[in-house]
Amino acid sequence: MSEKQSLQENNLPVVRLGRELKYQGTILKIYEDQVIANGHECRWDFIHHDGAAAIIPVTEDGEILMVRQYRNALDRYTLEIPAGKLDDPKEPTLDCAVRELEEETGFKAKNVEFLISVNTTVAFCDEHIDIYLARDLVPSHQHLDEDEVILVERWKLEDLEELIYSGKITDSKTIAAILAYARKYR
């Protein structure tokens, strides 16, 4: 028996009976789902996000352009790869990633390739982020939103890995992107 078959046979079905919108904000919708799980009726929180894209920009000399920005949910500045939400749920993630690269770092890329996809918080949110790799960077201009304060920094891969393993970088998309890039291209 395969591992997949074993997991499927040992799980009791979960049935969603209903979904009620509780709050709608600018980037997410919060729902309360009524479900039957393990034979018990319960309520689960669910957050819908239209999706996002991120990009790991690598310079000619192998440094990675990172953005430092304030994150309200954590009440602190974080070091991350450039990223942003889709302008429309049907927007191609490649278009979003390329746009965010220029908006946040002031660079365009002549060469962009898909790296990985991640779901950021699978327990209660459906946010999906496609992550791309940008090379052959060309200077352009930053186009920040009026409420964005973003500093662009150049980092060596090994220094970013050290920040990940010391717990100083905790952003999931950034961790996934850096480690995937290191595994695939080192």
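FYI, it's all coordinate maths here, none of it is from the lab. The model shown is predicted, which means the values in this text are computed figures rather than measured ones. Reconstructed Cβ throughout: ideal geometry from the backbone, glycine too, with neighbour counts over all protein chains shown.
Quick look at the numbers
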| item | result |
| --- | --- |
| Mean Cβ count within 10 Å, highest first, over the residues of peptides 92-105, 171-184 | 92-105, 171-184 |
| Whole-percent pair-distance distribution, where bins are 5 Å wide, for the alpha carbons of the chain | 1, 7, 14, 17, 17, 13, 10, 8, 6, 4, 1, 0 |
| In degrees, nearest ten, helix 93-105 long axis to first principal axis of the chain (Cα) | 50 |
| Helical contribution to [θ] at 222 nm, DSSP H n ≥ 4, -39,500 (n - 2.57), averaged over the chain, rounded to 500 | -7000 deg cm²/dmol |
| Local net charge near Asp171, Cβ-Cβ under 12 Å (Lys/Arg +1, Asp/Glu -1) | +4 |
| Where labels lie 7 Å past Cα in the beta-carbon direction, separation of Leu151 and Tyr77 in nm | 0.3 |
| Length-normalised contact order for segment 14-157 - Cα pairs under 8 Å, 6+ apart - percent | 25 |
| Long-range HN-HN contacts of Arg19 with modeled amide H, under 5 Å | Gln34 |
| Packing-based order for 123-131, 23-31, 53-61, using average beta carbon neighbours within 10 Å, highest first | 53-61, 123-131, 23-31 |
| Local electrostatic count at Lys110 - Lys and Arg +1, Asp and Glu -1, tallied over other residues with Cβ under 9 Å | +1 |
| Rounded to 10°, Cα long-axis angle of helix 172-185 versus longest principal axis of the chain | 60 |
| Percent of beta bridges antiparallel (DSSP, segment 50-174, rounded to nearest 5) | 80 |
